[in-house]
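Participant: Please find one structure pasted underneath; my questions will follow.
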Amino acid sequence: MTPERWLLTGGAGYIGAHIADEFICNDKSVVIIDSLYQGLESRITFLRAKHGLEIPFIKCDIRDYNEIESLIREYKIDGIIHTAALKAVGESMEKPDEYFQVNLEATNELIEIAKRNGVKKFIFSSTAAVYGSPDTMDPCKEDGPKAPISPYGDSKYQAESKVTAFINTPGNHGTSLRFFNVVGTAAPELLDNSVENLVPIVLGKLNKGQAPEIFGTDYPTADGTCVRDYVDVRDIARAHLAAADATTPLPPAMNIGTGRGASVREIIDLVLQATNKTQTEVIKSPRRAGDPAFLCADVALAKSAMGFTSKYSLEESIRSLF
Ligand SMILES: NC(=O)c1ccc[n+]([C@@H]2O[C@H](COP(=O)([O-])OP(=O)(O)OC[C@H]3O[C@@H](n4cnc5c(N)ncnc54)[C@H](O)[C@@H]3O)[C@@H](O)[C@H]2O)c1
């Protein structure tokens, strides 16, 4: 039987490269496209060497619709995993039009191309940012309030509705996966190279001999710092495999997290321990606008719909970085 062939947008990115790794380990074939705006070709070089495979990689912008349509025809694609996006929340405030163009319009066009070419499967990278800044201390449920506070979150939330319309067509399959805070790595070559997440930010500061900074120490949490749900990137990849292999229809969107919260202070302490820098001073700064005290996933739906639960502990995720 020929293996299922997936087009993986953003496959030179942090999460996309981990999904490629997981899919290849599970006998699926992947064709990667990425503009290399943030992605690294070295991640694909690493995956090719690891698996002894000539993984097809095409440097291409997801807004180059003609090229994408010809690739889908040329490679006879069965499904699309769409991770390519702009993901910097702060930057999205400055460049909202670009964020809506890349994250919403291009997703919509990709779905139209999929429909025209008989591609029946579509799995979309969404985000906890669709929930905005909830003022409760309860885990977010998929059908709870959605109130994105940035063009980034809004562009992803609106894109989800395009994916939902696609998967509601009989014969189609897929979902939007709402990742919480992604951490960890399967290999040093696949490390997160962006500065959007807490752990890379703290490591970046430590590498430059600077003190890590906590924004807000007076939240109504156990240690006064914000609590988030940190999920290992290898679990994110496993969730994609579970979604791809699901034989029953999936809910339109599912949280992918651990269901356990960790505070900013706890994360910084774990990184300081891992780097033997426990004596490092930590700067306490005022709260930042829009940061909720608590943002964690209710993970029941992913478990009941596709049997997915996270496997890696936070300690394992942090250890994987060193
Ligand atoms: N990392 C997280 O904590 C997190 C959390 C929630 C959701 N997400 C989502 O997961 C997905 C992957 O994120 P990541 O952390 O791997 O980020 P990343 O920046 O490492 O990966 C995104 C990839 O998309 C590529 N890309 C960007 N614009 C493109 C374009 N116009 N055409 C083609 N390629 C383009 C980039 O070059 C990059 O390789 C994104 O959709 C992001 O919104 C990430």
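Participant: Residues in the stretch 10-37 that are within 13 Å of the ligand (Cβ to nearest atom) and of a type outside the set (D, E, K, R): how many? First the steps, then the outcome.
Facilitator: Initially, the stretch 10-37 is screened for residues within 13 Å of the ligand (Cβ to nearest atom), giving 10-21, 32-37.
Filter again for of a type outside the set (D, E, K, R), leaving 10-20, 32-33, 35-37.
Matching residues across the stretch 10-37 total 16.
Yes or no, residue by residue, for (1) in contact (Cβ under 8 Å) with a residue 12 or more places away in the chain; (2) hydrophobic (A, V, I, L, M, F, W, C); (3) within 26 Å of residue 81 (Cα to Cα); (4) crowded, with 16+ Cβ neighbours inside 10 Å:
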position: 134; (1), (2), (3), (4): yes, no, no, yes
position: 150; (1), (2), (3), (4): yes, no, yes, yes
position: 171; (1), (2), (3), (4): yes, no, yes, no
position: 192; (1), (2), (3), (4): yes, no, yes, yes
position: 195; (1), (2), (3), (4): no, yes, yes, no
position: 219; (1), (2), (3), (4): yes, no, no, yes
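Participant: Could you say whether any residue in the stretch 248-260 is among the small types (Gly, Ala, Ser), touching a residue at least 40 places away in the same chain (Cβ under 8 Å), over 23 Å from residue 318 (Cβ atoms) and touching an Asp or Glu at 6+ places or on another chain (Cβ under 7 Å)? Show your work before the answer.
Facilitator: First, the residues of the stretch 248-260 that are among the small types (Gly, Ala, Ser): 253, 257, 259.
Then keep just the ones that are touching a residue at least 40 places away in the same chain (Cβ under 8 Å); that gives 253, 257, 259.
Applying the additional criterion that residues be over 23 Å from residue 318 (Cβ atoms) yields 253.
Going one step further and asking which of them are touching an Asp or Glu at 6+ places or on another chain (Cβ under 7 Å), we end up with 253.
The answer is yes; a qualifying residue exists.
Participant: Then there is this: Any residue at all in the stretch 61-72 that is assigned to a loop (DSSP other than H, G, I, E, B), surrounded by fewer than 18 Cβ atoms within 10 Å (Cβ to Cβ) and touching a residue at least 12 places away in the same chain (Cβ under 8 Å)?
Facilitator: Scanning the stretch 61-72 turns up at least one residue that is assigned to a loop (DSSP other than H, G, I, E, B), surrounded by fewer than 18 Cβ atoms within 10 Å (Cβ to Cβ) and touching a residue at least 12 places away in the same chain (Cβ under 8 Å).
Participant: Right, here's the next one. Please work out if residue 50 is of a type in the set (D, E, K, R) and closer than 25 Å to residue 173 by Cβ. Write out each step before concluding.
Facilitator: Numbers: of a type in the set (D, E, K, R): yes; closer than 25 Å to residue 173 by Cβ: no.
Spelling it out, it is not the case that residue 50 is of a type in the set (D, E, K, R) and closer than 25 Å to residue 173 by Cβ.
Participant: Another one. Confirm whether residue 135 is touching an Asp or Glu at 6+ places or on another chain (Cβ under 7 Å) and farther than 18 Å from residue 177 by Cα.
Facilitator: Working: touching an Asp or Glu at 6+ places or on another chain (Cβ under 7 Å): no; farther than 18 Å from residue 177 by Cα: yes.
Here the answer is no, as residue 135 does not meet what is asked.
Participant: Now for a different question. From 40, 7, 47, grab the single residue that is of a type outside the set (Lys, Arg), surrounded by 18 or more Cβ atoms within 10 Å (Cβ to Cβ), over 19 Å from residue 163 (Cβ atoms) and more than 10 Å from the ligand (Cβ to nearest atom).
Facilitator: Working: 40 fails: more than 10 Å from the ligand (Cβ to nearest atom); 7 fails: over 19 Å from residue 163 (Cβ atoms).
Just one listed residue meets the conditions, 47.
Participant: A further question follows. Just checking, how many residues over the stretch 72-88 are within 18 Å of residue 124 (Cα to Cα) and either among the hydrophobic types (A, V, I, L, M, F, W, C) or out of contact with any strand residue (DSSP E or B) (no Cβ under 6 Å at 6 or more places or on another chain) (or both)? Steps first, answer last, please.
Facilitator: Taking the stretch 72-88 and keeping what is within 18 Å of residue 124 (Cα to Cα), we get 72, 77-88.
Still in the list and also either among the hydrophobic types (A, V, I, L, M, F, W, C) or out of contact with any strand residue (DSSP E or B) (no Cβ under 6 Å at 6 or more places or on another chain) (or both): 72, 77, 80-81, 84-88.
The number of residues fulfilling the criteria is 9.
Participant: So residue 155 fits all but one of (1) touching a strand residue (DSSP E or B) at 6+ places or on another chain (Cβ under 9 Å); (2) within 14 Å of the ligand (Cβ to nearest atom); (3) of a type outside the set (Lys, Arg); what number is the exception?
Facilitator: (1)
Participant: Next question. Out of the strands (runs of 3 or more DSSP E) lying entirely within the stretch 169-251, which hold 3 or more residues that are over 15 Å from the mean Cα position of the chain (by Cα) and either more than 10 Å from the ligand (Cβ to nearest atom) or at negative phi (or both)?
Facilitator: Numbers: elements: 173-179, 181-183, 213-215, 230-232.
The qualifying strands (runs of 3 or more DSSP E) are 213-215.
Throughout, read-outs are computed from the coordinates displayed, never taken from laboratory work. Note that this is a predicted model, so its numbers are computed, not measured. Note that each Cβ is placed from the backbone with ideal geometry, even for glycine, and that neighbours are counted across all protein chains shown.
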